[in-house]
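Written below as structure tokens is the structure these notes are about.
Read-outs: derived from the displayed coordinates by stated rules, not from any lab. Note that the coordinates shown come from a computational prediction; the quantities given were computed from them, not determined experimentally. Reconstructed Cβ throughout: ideal geometry from the backbone, glycine too, with neighbour counts over all protein chains shown.
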Amino acid sequence: MHEATLVVAGGSIPRAERYAAILRAVEHLVPSGTDRIAAMANVASLLYHSMPNLNWCGFYRTFGDRLVVGPFHGKPACIEIPIGRGVCGRAALLRRAIVVEDVTTFPDHIACDPQSRSEIVVPLVEGDAVIGVLDLDSPIAGRFDDEDAEFLGRIAATIVERTGS
Ligand code: SME
């Protein structure tokens, strides 16, 4: 059975084990030289189907001063976000992960799906540039924490290192 299938099939297992298995699956899904959009598409699918309590998971890619929606799973989302705006644009501007426990308290949150209650955004940093962000939404407040940020940061780094634009 493919490593990614094992992760998707996983039931109620401790977070550390689940995340370790997901990281192994990413290693299999994204060998060096993989097309960047293909890698984003498979990683969005993998995370959406193997992380509990998500209602959106995907990538925005940088084009000049804007982020444009890329591969994702979930409902259709806003197409463009100016760098600096929303949770995604702010994470891109600051070049760091942002965890929002309750989106109603984040003044500039951009609501693509009214069901979203919490959010995490991790930048994809290549040299001096932020080439995009990885964005996850949850219908549960407080779904994400620093451990998620560290885990997703490792995935973002793997994509940047192993893919070409
Ligand atoms: N909530 C994001 C917009 C993207 S959607 O969540 C898919 C933001 O505030 O940047």
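Of the residues ASP135, ASP145, the one with the fewest other Cβ atoms within 10 Å heads the list, and the complete ranking is ASP145, ASP135.
Each helix, a run of at least 4 DSSP H residues, gives -39500 (n - 2.57); summed and divided by the residues of the chain, these come to -12000 deg cm²/dmol at 222 nm. Anyone know which of PRO123, PRO139, PRO76 comes out most mobile in the 10 Å Cα GNM of the chain? Judging by the Gaussian network model, the answer is PRO76.
In a simple Cβ point-charge model (Lys, Arg +1; Asp, Glu -1; nothing else charged), the chain has a dipole of about 220 debye relative to its Cα centre.
What residue among PHE59, PHE144, PHE106 has the largest mean-square fluctuation in a Gaussian network model of the chain, using Cα springs under 10 Å? Greatest mean-square fluctuation among the candidates belongs to PHE106.
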